[in-house]
1. Which one is most open to solvent (accessible area, probe 1.4 Å), of the residues in the range A:250-263 that are touching a strand residue (DSSP E or B) at 6+ places or on another chain (Cβ under 8 Å) and near RNA strand B (Cβ under 8 Å from one of its atoms)?
2. Given (1) within 20 Å of the chain's Cα centre (by Cα); (2) of a type in the set (A, V, I, L, M); (3) more than 16 Å from A:I517 (Cβ to Cβ), where does A:L430 come up short, assuming only one miss?
3. Might you let me know whether the range A:353-363 holds any residue that is of a type in the set (K, R) and either open to solvent by 50 Å² or more (accessible area, probe 1.4 Å) or within 16 Å of RNA strand B (Cβ to nearest atom) (or both)?
4. If you take the residues in the range A:1-18 that are in a loop (DSSP other than H, G, I, E, B) and closer than 10 Å to A:I52 by Cβ, which one is least open to solvent (accessible area, probe 1.4 Å)?
5. Yes or no: the range A:264-281 includes at least one residue that is at pLDDT 95 or above, among the β-branched types (V, I, T) and either over 24 Å from A:F373 (Cα atoms) or open to solvent by less than 80 Å² (accessible area, probe 1.4 Å) (or both).
6. Here's a check for you: in the range A:593-638, which residue that is of a type in the set (S, T, Y) and near RNA strand B (Cβ under 9 Å from one of its atoms) is farthest from A:E534 (Cα to Cα)?
7. Would you please name the residue that is farthest from A:H186 (Cα to Cα), looking only at residues in the range A:1-38 that are touching a residue at least 60 places away in the same chain (Cβ under 8 Å) and among the hydrophobic types (A, V, I, L, M, F, W, C)?
8. State which residue is nearest to A:A498 (Cα to Cα) when the search covers only the range A:319-360 and only residues that are of a type in the set (D, E, K, R) and assigned to a loop (DSSP other than H, G, I, E, B).
Amino acid sequence: MQIKITLPDQSVREFPKGSTALDVAKSISEGLARNVLAARINGEVRDLTLPIDEDAQLTLLTWNDAEGKSTMWHSSAHLMAEALEHFYPGVKFWVGPAVQNGFYYDVDFGGQAFSADDLKKIEDKMAELAKQANPYERKLMSKDEAIRYFTEKGDQYKLDLLGNLQDGSITFYTQGSFTDLCRGPHIPHTGYIKAIKLTNVAGAYWKNDASNPMLTRIYGITFPKKSELDEYLAMLEEARKRDHRKIGKEMEIFTFDDDVGPGLPLWLPNGGVLIEELERLAKKTEAVAGYKRVRTPHLAKESMYLTSGHLPYYEDSMYPAMEFDGEKYYLKAMNCPHHHKIFKELNPSYRDLPIRLAEYGTCYRYEQSGELFGLMRVRSLQMNDAHIYCTREQFAEEFNAVNDMYLKYFRIFGIEKYVMRFSTHEPSKLGQKYVNNPELWKQTEDMVRQVLIDSKIPYVEVPDEGAFYGPKIDVQVWSAIGREFTLATNQVDFAVPARFGLSFRNAKNEMETPICIHRAPLGTHERFIGFLIEHFAGNFPLWLAPEQVAVLPISDKFNGYAKKVLRQLINSDIRGLVDDRDEKIGKKIRDAEVKKIPYMLIVGEKEEQESCVSVRQHGKGDQGSLSIQAFCDKLNKEVDELLSV
RNA sequence: GCCGAUGUAGCUCAGCUGGUCAGAGCUACUGAUUUGUAAUCAGUAGGUCGGGGGUUCGAAUCCCUCCAUCGGCUCCA
């Protein structure tokens, strides 16, 4: 009996019933058959060796498909488990999935010591087992049978997994000496795995729950070719060079000091410039958008955080209270309550709305020690914060305007890789985790979703992650080493204003509670600058660069002229320095290049006589000569263009 | 906070199993050199080897503890 297989190009081929996807691949070409890793059969990713019994849509998946990669990585996790079992008999395994870059397996070594030093021997064993090209054999088992198997083995982890599985759908896979409970799919045999790197070993809570015991998680990655592993390792090496902690030190942007405390960055002069420039941009942008600037203290009494509702919810991440005059004071972890108090003082009518209060507010959050991470996760932070108070009718327009501001900033910084994460509420948790106002939740979530759709912004919707007072949008970006961060946030709050008794008089002379939008498009100085360092690899655009121009005299005879050039630059609002060290010009150029200064001006006898400068651009070399004034004009024009996109 | 690792001059690092092991390069400073588009030469200075405790005749090296950092987990802007 024949079955019809439809391939992605819609061509249909006939095969005997029970043929496998691998048979199909072989019928197309020998090369494809060698490279194919898994198959999508009627939408589901399956083993290549699974017999197909009826007509089907078939896509053959190779290393170029995400599912092909993850199938191979998942099989690699099994291979690693086999190697581990060889050296550590009696180890227990929890789960071993494929992840973005490779795979991991969570392992309970039962008290046997295991550290990064042991990875090499596991790697070598894996390579040896891979060479044997052992097939991954699938076997269906009844639930009772499976329970008996793991009870005998004393494996409480797999028994736990079994608890959630339906009888009749339980499959096992065996390769070589290792058998695992597993849904699959897998590659046909271990021989596909040609290059192996175990990358690190770390602790991970069982079931990702901090109250559970900790398992040992071993991460690794494999490739079908040795050269691809080498490329991957080289790519990692490049990424490490962009790490903001490394560049931040080299470029003297920030530092940490033991006496100051963990997570409390000191901004060095170059970092100070970055902050000044970012604030200049934000203040201009916000002024144009109708924001008013306010300033508030770094601390407040306990009563305010009880009013806002933050204290019970947030106390663990606030610095403990300071007590004086019989009152408790807290360092602020957020600016909103202070701003609410300002709104109240303004006592506006509907004619005054929307009111937009902006402040680069400094907050303090007691982050757990293990969470601290360079500038990306700190304990003192300055937020590009603002709160917009508006009527329900004004909400959509205001929210849209905030969104436009985000997009404008992204254009200025050339931020292209990001995802908007739209967090909504879970209706069953109304009144507990979320403010109990189902209609407002639905209304605002619909409005927010519509804004995202209308602006054609890529976004993912994540249920049950909203703030307690409303839905929110977070902008997710990635650090050089691939860690995901929330860069900016935009939250809707239809609850806390009422707790503060905020109101305005509407057109019908009634009191009404405003909706509040919390927004921070530039996140915090700390995280944003950390991100920018990696984004630009330290090669900041001209307007941000801490030093924009290095004036390099050929010899000390021209130091005087160099200083004259610098004065003129400063008069034209350009930041610069003169390198008047007793060094050769090659050395001065090299040092300025290493410091990533956008422009170098070489000045010697010729330049002094002609009142001009020889322009060299960072990374681009000699650009010819210009008069001093023409150079200043050129730079100012360049800055204007960078900022007016 | 949890698991694991690391911690030597301002920076990057060497220093094997305890006994000229306190070193190198860069930086800084001094002097010579007066230089034309990515490193001129020479000299000098700089560290109680993260802090504290212990083992030992003797500790950067071994043990304990605290602190910090790194890789993850949990959490988050």
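1. Here the residue is A:F256.
2. (1)
3. no
4. A:G18
5. yes
6. In this case the residue turns out to be A:S625.
7. At the first step, the residues of the range A:1-38 found to be touching a residue at least 60 places away in the same chain (Cβ under 8 Å) are A:22, A:35, A:37-38.
If we keep only those that are among the hydrophobic types (A, V, I, L, M, F, W, C) as well, we get A:22, A:37-38.
On the way: A:L22: 13, A:L37: 8, A:A38: 7 Å.
It comes out as A:L22.
8. So in the range A:319-360, the residues of a type in the set (D, E, K, R) come out as A:323, A:325, A:327-328, A:332, A:341, A:344-345, A:351-352, A:356, A:359.
Still in the list and also assigned to a loop (DSSP other than H, G, I, E, B): A:325, A:332.
Numbers: A:D325: 29, A:K332: 20 Å.
Restricting to residues being of a type in the set (D, E, K, R) and assigned to a loop (DSSP other than H, G, I, E, B), the top hit is A:K332.
The values are calculated or read from the model by the stated rules, or taken from the named source; none is laboratory data. Everything quoted here is computed from the prediction, not taken from an experiment. Ideal geometry is used to build each Cβ from the backbone, glycine not excepted, and the neighbour counts take in all protein chains shown. To get the accessible areas, we keep the full protein, side chains included, count just its heavy atoms, and leave off ligands, DNA and RNA. Shrake-Rupley method; radii C 1.70, N 1.55, O 1.52, S 1.80 Å.
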